[in-house]
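Here is the structure we will look at, set down as structure tokens.
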Amino acid sequence: MKQLGLSFLLLILILTSCSCGDETVKISFAGIQSFEEAKNRREEFFKEISGSDQAEDAKTENLNTLDSLYWEHVSGLLNEGRAVILNSKARASDRLGKILELKANYFTYEYAGIKSQIAEQTIGKLLSQIEADIVSLKHLQVWDNRQQSLEEEIKKFGKINFTGFFGEKLIDEKIEVMDSLESNDLGDVKQIVYTVKYTKIYEGTGNILKYQVEGQGDWRVSLKTNQSMLTIENLCPQCYTERRIN
């Protein structure tokens, strides 16, 4: 009887000390802050699970859990990263750069494995939202830089229309915005009319004759919703005139 009791106790110890193919790996992505770290952590867990003594069905279950938790964490990183960028008070150009970087990082370190249908839908929706964000931020970037674009257009206007008879050697050029009026009732179109004073002094090639262009007129700058190309119109080209000053 005593020998039977010892044998039973030994059996219990063996059963409780062995994995018997049912031991699970504790999977966690806590503290992971980047797509690269998430991919590396997934690979670590994959090797640990694949090399364990678990039964094949337990391994399969753990690997499915691993991928589920991986995609859940990655979609969280994508969603949180997008929210931080969009809620930033930075200029549109800075936010555009950040969201392009977020998208690039996701694709650089994405685990190229099979997603579940839920993960596929979640990631797909987030990437679609990011594409829409890129279009919107490009639109805002162009609008933020409208005065710079206007100045470039005015200089082009001056170069095309006022060159004298002997070519052009630019001496001085000034663009001054004297006033502006923004329209707020045009639906999906942003629009501002700028009153611009333009002065240009130049001489012909070889220091032959000097000219001055001067005038003040209105320029209309407009941009349709989610478009990234400004429309700039000179409303009074005849307001700028050229005269010889020597």
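Answer yes if at least one residue in the range 87-97 is without any contact (Cβ under 8 Å) to a residue 60 or more places away in the chain, closer than 30 Å to Glu44 by Cα and either surrounded by 14 or more Cβ atoms within 10 Å (Cβ to Cβ) or in contact with a Gly (Cβ under 6 Å, 6 or more places away or on another chain) (or both), and no otherwise. Show your work before the answer.
Pass one, the range 87-97, residues without any contact (Cβ under 8 Å) to a residue 60 or more places away in the chain: 87-97.
If we keep only those that are closer than 30 Å to Glu44 by Cα too, we end up with none.
The answer is no, given that none of the residues of the range 87-97 is without any contact (Cβ under 8 Å) to a residue 60 or more places away in the chain, closer than 30 Å to Glu44 by Cα and either surrounded by 14 or more Cβ atoms within 10 Å (Cβ to Cβ) or in contact with a Gly (Cβ under 6 Å, 6 or more places away or on another chain) (or both).
I need every pair where a residue in the range 51-65 that is surrounded by 16 or more Cβ atoms within 10 Å (Cβ to Cβ) has its Cβ under 6 Å from the Cβ of a residue that is part of a helix (DSSP H, G or I) and at pLDDT 90 or above, sequence separation at least 6 or different chains.
Here the result reads Lys59/Ile49; Asn62/Ile49; Leu63/Ile49, each pair linking the range 51-65 to a residue that is part of a helix (DSSP H, G or I) and at pLDDT 90 or above.
Does Gly81 qualify as being surrounded by 15 or more Cβ atoms within 10 Å (Cβ to Cβ), in contact (Cβ under 8 Å) with a residue 12 or more places away in the chain and outside the structural domain of Leu63 (by TED's automatic domain parsing)?
Details: surrounded by 15 or more Cβ atoms within 10 Å (Cβ to Cβ): yes; in contact (Cβ under 8 Å) with a residue 12 or more places away in the chain: yes; outside the structural domain of Leu63 (by TED's automatic domain parsing): no.
No, not satisfied.
Scan Lys210, Lys159, Lys197 and give me the residue that is without any contact (Cβ under 8 Å) to a residue 12 or more places away in the chain and more than 30 Å from Glu80 (Cα to Cα). Reasoning before the result, please.
Working: Lys210 fails: without any contact (Cβ under 8 Å) to a residue 12 or more places away in the chain; Lys197 fails: without any contact (Cβ under 8 Å) to a residue 12 or more places away in the chain.
Exactly one of Lys210, Lys159, Lys197 is without any contact (Cβ under 8 Å) to a residue 12 or more places away in the chain and more than 30 Å from Glu80 (Cα to Cα), namely Lys159.
When residues of the range 136-169 are filtered for being loosely packed, with under 12 Cβ neighbours inside 10 Å and under 19 Å from the mean Cα position of the chain (by Cα), how many remain? If you could, list the steps in order and put the result at the bottom.
Let us first name the residues in the range 136-169 that are loosely packed, with under 12 Cβ neighbours inside 10 Å, namely 148, 156, 160, 165.
So of that shortlist, the ones also under 19 Å from the mean Cα position of the chain (by Cα) come out as none.
The total comes to 0.
Determine whether the range 5-24 contains at least one residue that is in the same structural domain as Lys138 (by TED's automatic domain parsing), among the aliphatic types (A, V, I, L, M) and either crowded, with 18+ Cβ neighbours inside 10 Å or modelled with pLDDT of 95 or more (or both).
No, that holds for no residue.
Okay, residues lined up against (1) touching a helix residue (DSSP H, G or I) at 6+ places or on another chain (Cβ under 7 Å); (2) of a type in the set (A, V, I, L, M); (3) within 23 Å of Asp144 (Cα to Cα):
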| site | (1), (2), (3) |
| --- | --- |
| Asn161 | no, no, no |
| Ser180 | no, no, yes |
| Tyr198 | yes, no, yes |
| Gln212 | no, no, no |
| Gly217 | yes, no, yes |
| Asn246 | no, no, no |
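List pairs: first in the range 125-154 and over 18 Å from Thr225 (Cβ atoms), second of a type in the set (D, E, K, R) and surrounded by 17 or more Cβ atoms within 10 Å (Cβ to Cβ), Cβ under 9 Å, 6+ apart or cross-chain?
Leu126/Arg82; Leu127/Lys103; Ile130/Arg82; Ile130/Lys103
Can you find a residue that is loosely packed, with under 15 Cβ neighbours inside 10 Å, at pLDDT 95 or above and farther than 30 Å from Ser93 by Cα anywhere in the range 222-237?
Yes, the range 222-237 contains at least one residue that is loosely packed, with under 15 Cβ neighbours inside 10 Å, at pLDDT 95 or above and farther than 30 Å from Ser93 by Cα.
Of the residues that sit in the range 180-210 and are modelled with pLDDT under 90 and in contact with a Gly (Cβ under 6 Å, 6 or more places away or on another chain), which one is surrounded by the most Cβ atoms within 10 Å (Cβ to Cβ)? Give the derivation first.
Filtering the range 180-210 down to residues modelled with pLDDT under 90 leaves 184-188, 203-210.
This time we only want the ones that are in contact with a Gly (Cβ under 6 Å, 6 or more places away or on another chain), so: 204-205.
Working: Gly204: 17, Thr205: 12.
Among them, the one singled out is Gly204.
Conditions first: (1) over 25 Å from Leu69 (Cα atoms); (2) within 19 Å of the chain's Cα centre (by Cα); (3) hydrophobic (A, V, I, L, M, F, W, C). Ile130 passes all but one, so which condition is the exception?
All conditions pass for Ile130, except number (1).
The values are calculated or read from the model by the stated rules, or taken from the named source; none is laboratory data. Source: prediction; values computed, not measured. Positions of Cβ are generated from backbone atoms using ideal geometry, with glycine treated the same way; all protein chains shown enter the neighbour counts.
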